[in-house]
Amino acid sequence: MRWSLLFLASGGLLTCLPAAEDPYENYIRTSEDFRAVKQDAAWARKAWPGWIYMPWTYQWGIGYDDASGKWSRDHGYNGAFIDHDHIGTAQSKTGRLDWINQHGLRFYVDHVAGKGVLHLWDGDKVKPHLNEVHGTGLRPAPLNADTFAKLQTVMRRNIAASSTSPMRAAYALDDEPSWGHFVHPTMWQVTDDASAYPRWLATVYGTDHVPKRDRWISYEDLRPKLAEWNVAEFDASPLMDQWTFNDAQWCNFIGRLVEHANTLDPATPCGLVGGQAPSAFGGYDYARLMRKVQFIESYNLGSSQAIIRSFNPQGALPAVTTHFHKSVNDTIWQTWYYLAHGNRGHIGWVEGWFDGATSREWHAQVAPALREAGDKVGPLMAGAQWRHDRVAIYYSHASIQLGWILDAEAHRKTWVNRNADERLASAAHVRRAWENMLRDSGLQYNFLSYVDVIQKGVPDEYRVLILPACLCLSDAEIRAIQAFCRSGGTVIADYLPGVWDQHGRGRAEGGGLDDLFGVKHDPKMRQADIFGGTLWVEVDQDANYSWKTYREFLTNKNTCILDDSGFHKAVRTQPTNQVKAQGKGRAVLMNLSPQWYNAYREAGFEAAMKREVFMRHVADAGITPWVRLANAGEREHGYEITYWKLPSGRTLLYLCLNPEIRGTSLGGGNSVGLKSSTLPVNLRFNKPVQHVRNERSGQELGNGKEFILEWKQHEAVVLSFAEDSSS
């Protein structure tokens, strides 16, 4: 067997389920592409036991001595960082590992697989290579046996040099890795094994239905056809199959490197840092990627943090994000917000932290929050399980891919320059709108991936399944969604659900879920029949490439039909807000995009109430918040409550602010429009809770349904309690 078969071909069974007759379903159920690496919760917690702040010390101006160690601990920086060039021979120069051990700082090792292979071309070095990136050739560092062997050698050296420390917490293979360059539009093939792609196609389509692929194509081969095709003629499969194949190759390669790291150091999780937004490019199909890592730092772009939390098995894996200091209040807010959402710490960008060898005074102002997170509240999260309100948001990576294809048409031939996809993409804005409509309604959710739904169906723990811009659905997914609905669930789709299949081919008979929703999507539909009538999507993203506000983004050069509800209609000739009973359940097709909610939320409390056109269907399914702020208005607008079930049986609750968040492909998850007032709030439960304790102050608050608290909006209220089972 050729080495490439080890990570390309169908492999050992993932479940005891029988092989499906549907080749794609069989592929999802049985392929090596979806086999998870070791992801044991107790094992991961032993290496990474709590909330850890790890400064990325490239501009560390205070040295590595007793004074700097004490300064770190005193200011809540209870972790550290080692790069590949800080170990081995360089170690004797810096004393970095001795300093870490002496002061008890948990650390991760960056670039443990070196630099220049998993991440290509730093900074401006990419510019001479843009023709390669946009071309249909071969990745300069192809995924093959030679590349794997090269990285093995680097990993053996780096892991051997750092695994002697009892303070090691994780290994990162590389920073901002990608099968392309970040998530920049990249068209090349990732492996030089000419037989790999045909073999993979046979696995996905079945040996009797392999499509003819006589050459590797680019988006430019597809783009001119978008204005001509109707749905029945539409076929993006030659391009989407290439991207999916690259994702499969890449994620399997990452998984093999992670497992190699485990052979060198069985006690320490391995993964990557600098993760990007879910994207058509770079290997960021999180349904695949989260099965192949044991540790991840990802920037909070395109809902990545909530997706990672949802796909993190039992919260087992340490997941963190980057911290960039912008202001004292923002840093304090980030500490509480990310802790409240299940993160296990921060990797801090140490730029502007010091004035020569003197630390800037803001460190003393943020230190109490960092110490409290690391020493008091963070340890409470050990073994905690996220609690949701029986609502799932569907994660369809094929729809993200097709979304990019439709979005990028507006750029015409300048699509090669498209960057910052997380702030442009229809898929990202629709996801964000749904998330915030739920959060602002007092509800929590999980993302549910296409892989899990095909392998296991929609779990019984959910009562509502939301399909956000789920343009592409396979027959296997459609069967599972129909079964969920007919057995008593509520399915809510915004627009064009399953009108294309998982390969990006338009369905000749109409939408795959048309029977469920009781509608008919005409297979002769063209761009002229959708949204503004000039593109397949809601917004001309070329005209709005540098948008500043959501309202500007949605109104500039836009000819969409604005429904009476205040949201854009998708299929121009179809009615909106259609509800159909199905077995014991209900199916709701809005035929509206929720994107306008991003603008309404930005406008304030009253405008944000327009979400009720979507949220009433969630409420009709019996989903109502069980804890809210009573009489909340403009001052409290944007608040969020998260809750966790502790191993003790108690519930841990956070009240925090959920403002807009901005970052870039180089990091960040900073707040926009952060409030910092101190408010008296009335936290009201639907049923009495018992033995309520303020975990920050230690105050015992007793039993009851209502609790008057003081909330600093850039911090968090943290309570724990037992629920009254007799109520």
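The values are calculated or read from the model by the stated rules, or taken from the named source; none is laboratory data. All of these numbers come straight from a predicted model, not from anything done at the bench. With ideal geometry, Cβ positions are generated from the backbone for all residues, glycine too; neighbour counts draw on all protein chains shown.
How about segment 397-428: which of its residues are over 26 Å from P224 (Cβ atoms) and not charged (D, E, K, R)? Passing the criteria: none in range.
Here is the figure for segment 84-103: residues that are at pLDDT 90 or above and surrounded by 14 or more Cβ atoms within 10 Å (Cβ to Cβ) total 6. Is it the case that V464 is closer than 19 Å to H388 by Cβ and buried (at least 21 other Cβ atoms within 10 Å of the Cβ)? So V464 passes the test. Listed by position, the helices (runs of 4 or more DSSP H) contained in segment 430-527 that have at least 1 residues being over 21 Å from R586 (Cβ atoms), in contact with a Cys (Cβ under 6 Å, 6 or more places away or on another chain) and of a type in the set (K, R) form an empty set.
Can G698 be described as free of Cβ contacts under 8 Å to residues at least 24 places away in the same chain, in a loop (DSSP other than H, G, I, E, B) and not charged (D, E, K, R)? Against the criterion (free of Cβ contacts under 8 Å to residues at least 24 places away in the same chain, in a loop (DSSP other than H, G, I, E, B) and not charged (D, E, K, R)), G698 qualifies.
In segment 267-315, what residues are under 15 Å from S396 (Cβ atoms), of a type in the set (G, A, S) and assigned to a helix (DSSP H, G or I)? Residues satisfying the conditions are A287, S310.
Against the criterion of being more than 32 Å from the chain's Cα centre (by Cα), in the same structural domain as N658 (by TED's automatic domain parsing) and crowded, with 19+ Cβ neighbours inside 10 Å, V681 does not qualify. Are there any pairs with C-beta distances below 7 angstrom linking a residue in segment 345-360 that is within 16 Å of G274 (Cβ to Cβ) and modelled with pLDDT under 95 to a residue that is aliphatic (A, V, I, L, M) and in a strand (DSSP E or B), with the two at least 6 apart or on different chains, and if so which? The qualifying pairs do not exist here.
Here are some residues: Q699, Q690, Q713. Which one is touching a helix residue (DSSP H, G or I) at 6+ places or on another chain (Cβ under 9 Å), modelled with pLDDT of 95 or more and of a type outside the set (K, R)? Going through Q699, Q690, Q713 in turn, the sole match is Q713.
Of all the listed residues (L402, L380), the sole one being assigned by TED's automatic domain parsing to the domain that holds M54, within 27 Å of the chain's Cα centre (by Cα) and of a type in the set (A, V, I, L, M) is L380. The condition (being surrounded by 24 or more Cβ atoms within 10 Å (Cβ to Cβ), in the same structural domain as D460 (by TED's automatic domain parsing), closer than 21 Å to M615 by Cα and touching a residue at least 40 places away in the same chain (Cβ under 8 Å)) is satisfied by just one residue among L496, L473: L496. In the set (1) at pLDDT below 95; (2) under 24 Å from T664 (Cβ atoms); (3) of a type in the set (V, I, T), the condition left unmet by T164 is number (2). Scanning segment 511-531 for residues that are surrounded by 20 or more Cβ atoms within 10 Å (Cβ to Cβ) and of a type in the set (G, A, S) returns G511, G512. Within segment 529-577, the residues that satisfy the criterion of being within 28 Å of D514 (Cα to Cα) and basic (K, R) are K569, R572. Of these, L424, L402, which one is at pLDDT 95 or above and touching a strand residue (DSSP E or B) at 6+ places or on another chain (Cβ under 8 Å)? Result of the check over L424, L402: L402.
Scanning segment 133-149 for residues being loosely packed, with under 15 Cβ neighbours inside 10 Å and outside any loop (DSSP other than H, G, I, E, B) gives a total of 4.
For first residues located in segment 310-324 and closer than 21 Å to E435 by Cβ, partners that are part of a strand (DSSP E or B) and among the β-branched types (V, I, T) and lie 6+ apart or on another chain with Cβ distances below 8 Å form the pairs A319/I296; V320/I52; V320/I296; V320/I347; T321/I347; T322/I347. Answer with yes or no whether W200 is outside any helix (DSSP H, G or I) and outside the structural domain of A528 (by TED's automatic domain parsing). So W200 does not fit the description; no.
In the set A280, A261, which member is modelled with pLDDT of 95 or more and farther than 16 Å from D110 by Cα? Answer to the check: A280.
Look through R418, R371 and report the one residue that is surrounded by fewer than 24 Cβ atoms within 10 Å (Cβ to Cβ), within 30 Å of Y108 (Cβ to Cβ) and among the basic types (K, R). After ruling out the rest, the residue left standing is R371.
Residues in segment 259-286 that are surrounded by fewer than 24 Cβ atoms within 10 Å (Cβ to Cβ) and either over 28 Å from F324 (Cβ atoms) or of a type in the set (D, E, K, R) (or both): E259, H260, N262, T263, L264, D265, P266, A267. Per the listing R387, R360, the residue uniquely surrounded by fewer than 23 Cβ atoms within 10 Å (Cβ to Cβ) and under 22 Å from Y64 (Cβ atoms) is R360. Restricting attention to segment 604-616, does a residue exist that is modelled with pLDDT of 95 or more and in contact with a strand residue (DSSP E or B) (Cβ under 7 Å, 6 or more places away or on another chain)? No, the conditions are met nowhere in segment 604-616. Counting residues in segment 71-81 that are closer than 19 Å to A161 by Cβ, aliphatic (A, V, I, L, M) and touching a helix residue (DSSP H, G or I) at 6+ places or on another chain (Cβ under 6 Å) gives one or more.
Screening R432 with (1) of a type in the set (K, R); (2) crowded, with 22+ Cβ neighbours inside 10 Å; (3) not assigned by TED's automatic domain parsing to the domain that holds D501 gives one miss only, at (3).
Answer yes or no: is there a residue in segment 621-642 that is under 23 Å from the mean Cα position of the chain (by Cα) and on the phi > 0 side of the Ramachandran plot. Yes, that holds for at least one residue.
Can you pull out every residue in segment 177-210 that is surrounded by 15 or more Cβ atoms within 10 Å (Cβ to Cβ) and farther than 21 Å from L138 by Cβ? Within segment 177-210, A202, T203, V204, Y205, G206, V210 qualify.
Applying the set (1) surrounded by fewer than 20 Cβ atoms within 10 Å (Cβ to Cβ); (2) touching a Phe, Trp or Tyr at 6+ places or on another chain (Cβ under 6 Å); (3) among the polar types (S, T, N, Q) to Q455 leaves exactly one unmet item: (2).
At least 2 residues being touching a residue at least 24 places away in the same chain (Cβ under 8 Å), of a type in the set (A, V, I, L, M) and surrounded by 21 or more Cβ atoms within 10 Å (Cβ to Cβ) is the threshold, and among the strands (runs of 3 or more DSSP E) wholly inside segment 571-646 those reaching it are 585-589. Selection over segment 356-377 of residues that are among the basic types (K, R) and either over 11 Å from T335 (Cα atoms) or not assigned by TED's automatic domain parsing to the domain that holds I62 (or both) gives a count of 2.
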